[in-house]
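The values are calculated or read from the model by the stated rules, or taken from the named source; none is laboratory data. Owing to the predicted nature of the structure, the values given are computational and were not obtained by experimental measurement. FYI the Cβ positions are ideal-geometry reconstructions off the backbone, even for glycines, and counts take in every protein chain you see. Each accessible area value is taken on the protein alone, full model and side chains, heavy atoms only, with ligands, DNA and RNA left out. Shrake-Rupley method; radii C 1.70, N 1.55, O 1.52, S 1.80 Å.
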Amino acid sequence: LPRLVREFVAQNNTSQIKHVIQILSQEFALSQHPHSRKGGLIGLAACSIALGKDSGLYLKELIEPVLTCFNDADSRLRYYACEALYNIVKVARGSVLPHFNVLFDGLSKLAADPDPNVKSGSELLDRLLKDIVTESNQFDLVGFIPLLRERIYSNNQYARQFIISWILVLESVPDINLLDYLPEILDGLFQILGDNSKEIRKMCEVALGEFLKEIKKNPSSVKFAEMANILVIHCQAADDLIQLTAMCWMREFIQLAGRVMLPYSSGILTAVLPCLSYDDRKKNIKEVANVCNQSLMKLVIPEDDEMDEAKQSVNVPAEPTSEESLSKPEAASSGESPLIWTIRRKLDFAALNQPLSFPCSCERIQVTLNLDGIVQVLDCHLHDTSIGMMTRIAVLKWLYHLYIKTPRKMFRHTDSLFPILLRTLSDESDEVILKDLELLAEIASSPAGQTEEGHGPSDGSDVRPGPAELHVPARAGQLSSSGMKGLECSPSTPTMNSYFYKFMINLLKRFSSERKLLETRGAFIIRQLCLLLNAENIFHSMADILLREEDLKFASTMVHTLNTILLTSSELFQLRNQLKDLKTPESRNLFCCLYRSWCHNPVTTVSLCFLTQNYKHAYDLIQKFGDLEVTVDFLTEVDKLVQLIECPIFTYLRLQLLDVKNNPYLIKALYGLLMLLPQSSAFQLLSHRLQCVPNPELMQTTDNTKPSTSFKRTAASNIDYTELLQHFEKVQNKHLEARHQRAGRAEQLDRRVVL
């Protein structure tokens, strides 16, 4: 046969050569008889050897019958076919490259062959083909990529190993730029990374590492945007290696591509935020996720608050709706890769439905921050009670950062975020509460909240409580003298925005509905707010709200809490000094505002008078206590007040006891408290203190013709103490009526139970 073929070659008898090949193919290689098929394969190989360099002219006729035998049920026939193709390729060398796809397709099947001899033969053929591709500069990468993209999703271990080996070879060839087509195969590579075989996982890890090195060397030619969503999916993988590798890629992408990644921020946050709460078993993933989170946050700049989205939309691919994506099923039949459909199926957020066609990634293009998508993701994570503490902290940090960088756009979302931010105050973690308070304080004090129209109340009168909110009646005829300049702030402090008063109302509503929160975290929350915002504003607004609170029991409890904070917290040192002297109209205004609300609790009202050195009025109040219902709770509060008098906060008061002549009402007020107390430890404590007062015979009231220093200060204050005393009586009468009503309801309930 070889001699016959060589004669035809010498005669340039092409038709006879084709006739010989056709006979070998049709009558032997494709015969029904196995021995004929073996003979045909040997004949085709011999024919190729005889043709020599001219075999390239007849490769299609030589290769097709051999590849058909790759599917033969007889393993020996498959081995003969492999051997025949090896000889054909060895002779033809570079001429086989136009037929590379069919050869690759056949080899990928033989790589998974169960027969070891066939597999061994296919490996020899595979090495030969790799050598030819490496030596040649005519490899058609564009034509090969669709086949590679299809085969890369194989689940067979040997097929996967075969695919990875070819990717490594192509990546090593200088003339072949596989990086341009990485978006087509990246998803498949991450799928292979999760293989059960350690060897295959290692090979895939090496391949991905080589690609990442190439990306770092040539970031300008990388299509970052086309691979962003692929990484988002695999950053959420259950396999630790896949997740860590994808997260490392995401870190590099954010750092290399910069703001090109911003349109994909919501998807990145969806993947990254849960990883921040991982324990030490996934420490590596947690650390890389933290870097991704910080790097992404730095991409948000103040200019994002000013960009005209309409103008920028031409620079970034539009985000198709889910309906648009689902309305194009023909894309699957037109060659769209499985990874695109996987992405469209897995990503739940509209912001992640980015098309996978993006121009050059590193062109200097302006991108629009998809703030709606980011806020949606952050809000979703805050509502998820199963997420870890570090994730919640990261979410709050993100929201705070967005309010700092893009306040104008963020205030459009404030009404929807406000309820969950208030609920977060009930979190178990102090760190979470601190971050939440920082965010709420920024919302309440940001200038953007004042100028934003239609989002939040313009002043306190616009607040309309819902069914579960605090009952705040209309303001007409009920404002205190401190309300002359609005409810948001005190005249001596910077004006808060329209959300400040709304925040105060809803915070008190929260305390009212969750008494446990008030008991365990109330003081902590208010003290932190006094650090973050203006303490005078906070006390001024809360006092004004509580003045008109219909739940008198809650009002009394809240006033007691605020009074304790006022008297004991180091954060309120400046406010205490301001109230101590009442030198300015603003301080007197604040005192009157606080006093009217403090009347909900008689003992706290007396303590406020002690703080402001209104000793005569304190004595007058204590005289009224005889008309009140003295309960165990009342006596307990008197006991606590005595304890407070012995604290450093009232050092000045104790020193004033030395000046009996100028402070007679202070001594009389303290004796009044002593008379209220039963024979208890507090009684003994106050009694011992009063025994230390010098010259008890001088405790008579000073002659009115010689006003004391304290009287001068009181006279200058222009405070109508008679009106304040009447207000105190009025509030206490309300409390008495409320107690009688509660007692009546309790009695009726007891009767029903008996009946």
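Within the stretch 600-679, what whole-number % of the accessible surface is contributed by carbon and sulfur, with the 1.4 Å probe and all protein chains included in the calculation? Before the final figure, lay out each step's value.
Working: 1740 of 3120 Å².
Using a 1.4 Å probe with all protein chains present, the stretch 600-679 comes out at 56 percent carbon and sulfur.
With a 1.4 Å probe and all protein chains kept in place, how do 147, 296 rank by accessible area, largest first? Don't skip to the end; give the middle numbers.
Details: 147 25, 296 0 Å².
Reading off the accessible areas and sorting them downward yields 147, 296.
May I ask which residue of 144, 192, 170 lies farthest towards the positive end of the charge dipole of the stretch 122-230, with charges of +1 (Lys, Arg) and -1 (Asp, Glu) on Cβ and the Cα centre as origin?
So the residue we want is 192.
At 1.4 Å probe radius, can you tell me the per residue accessible area of the stretch 109-158 in Å²? Intermediate results must be reported in sequence, preceding the final value.
Working: 2590 Å² over 50 residues.
That works out to 52 Å² for each residue.
So what's the stretch 1-138 giving for Cα Rg divided by 2.2 N^0.38 Å, two decimals?
Values: Rg = 14.3 Å, N = 138, 2.2 N^0.38 = 14.3 Å.
Against the empirical 2.2 N^0.38 Å value, I get 1.00 for the stretch 1-138.
Using a Förster radius of 45 Å, what is the FRET efficiency between residue 218 and residue 303 based on their Cβ-Cβ separation? Nearest 0.05, please. Don't skip to the answer; put the middle values down first.
Numbers: r = 28 Å, r/R0 = 0.63.
Rounded to the nearest 0.05, the efficiency is 0.95.
Residue by residue, what Karplus-based ³J(HN,Hα) values in Hz, rounded to whole numbers, does the stretch 636-642 have, using 6.51, -1.76 and 1.60 with θ = phi - 60° and x for Gly and Pro?
Here the 3J(HN,Hα) series is 5, 5, 5, 4, 5, 5, 4 Hz.
Ignoring ligands, DNA and RNA, please state the percent of accessible area on the stretch 1-138 from carbon and sulfur, probe 1.4 Å. Let's see the in-between values first.
Working: 3350 of 6840 Å².
With neighbouring chains kept in place, the figure for the stretch 1-138 is 49 percent.
Across the stretch 271-285, in residue order, what do the Karplus-derived ³J(HN,Hα) couplings come to in whole Hz, using 6.51 cos²θ - 1.76 cosθ + 1.60 with θ = phi - 60° and x for Gly and Pro?
7, 7, 4, x, 5, 5, 9, 5, 8, 5, 5, 10, 4, 4, 5
Using alpha carbons only, what's the Rg to Rh ratio of the stretch 506-651 with Rh from Kirkwood? Can you show the working numbers first?
On the way: Rg = 14.5 Å, Rh = 15.6 Å.
For the stretch 506-651, the value is 0.93.
Evaluated at 25 °C with a viscosity of 0.890 mPa s, what Stokes-Einstein diffusion coefficient in µm²/s does the stretch 166-296 have when Rh comes from the Kirkwood expression over alpha-carbon pairs?
Details: Rh = 15.0 Å.
After rounding, the answer is 164 µm²/s.
How many lysine pairs does the stretch 1-138 hold where the Cα atoms are under 14 Å apart and the two sit 8 or more places apart or on different chains? Please list the in-between numbers first.
On the way: 18/60; 53/90; 90/130; 109/119.
Total qualifying Lys-Lys pairs in the stretch 1-138 comes to 4.
Of 13, 80, 97, which is farthest along the charge dipole of the stretch 1-138 in the positive direction, counting Lys and Arg as +1 and Asp and Glu as -1 at C-beta?
The residue sitting most towards the positive pole is 13.
How big is the charge dipole of the stretch 1-138 about its Cα centre, in debye rounded to the nearest 20, if each Lys and Arg gets +1 on its Cβ and each Asp and Glu gets -1 on its Cβ? Walk me through the numbers on the way to the answer.
Values: 15 positive and 15 negative charges, 50 e Å.
With Lys and Arg at +1 and Asp and Glu at -1, about 240 debye.
Provide the per residue accessible area, probe 1.4 Å, for the stretch 206-248, rounded to a whole number of square angstrom.
Roughly 34 Å² per residue, with all protein chains present.
Say each of residue 157 and residue 634 gets a label point 7 Å from the Cα, pointing the same way as Cα to Cβ; how far apart are those two points in nm?
8.5 nm
In the stretch 63-94, which residues have a backbone nitrogen under 17 Å from the label point lying 7 Å from residue 26's Cα in the Cα-to-Cβ direction?
Correct set: 63-66.
Using Cα pairs closer than 8 Å and at least 6 residues apart in sequence, work out the relative contact order for the stretch 371-449, in percent.
Details: 57 pairs, mean separation 27.6, N = 79.
It comes to 35 percent, rounded to a whole number.
Would you mind counting up the charge near residue 62? Only other residues with Cβ under 12 Å from its Cβ, with Lys and Arg at +1 and Asp and Glu at -1. Before the final figure, lay out each step's value.
On the way: positive: 18, 60; negative: 54, 61, 64.
Every neighbour counted, the sum reads -1.
Can you check what the net charge comes to around residue 296, using other residues whose Cβ is under 11 Å from the Cβ of residue 296 (Lys, Arg +1; Asp, Glu -1)? Walk me through the intermediate numbers first.
Working: positive: 251, 259, 298; negative: none.
The answer is +3.
Ranked by accessible surface with a 1.4 Å probe, highest first, in what order do 430, 633 come?
Numbers: 430 75, 633 110 Å².
These residues rank, largest area first, as 633, 430.
Can you give the alpha-carbon Rg of the stretch 371-449 over 2.2 N^0.38 Å, where N counts its residues? The partial results should precede the final answer.
Numbers: Rg = 11.5 Å, N = 79, 2.2 N^0.38 = 11.6 Å.
In units of the globular-protein estimate, the stretch 371-449 measures up at 0.99.
Tell me the per residue accessible area of the stretch 371-449 using a 1.4 Å probe; a whole number in Å² is fine. Numbers along the way, then the final one.
Details: 2800 Å² over 79 residues.
Per residue, the stretch 371-449 has an accessible area of 35 Å².
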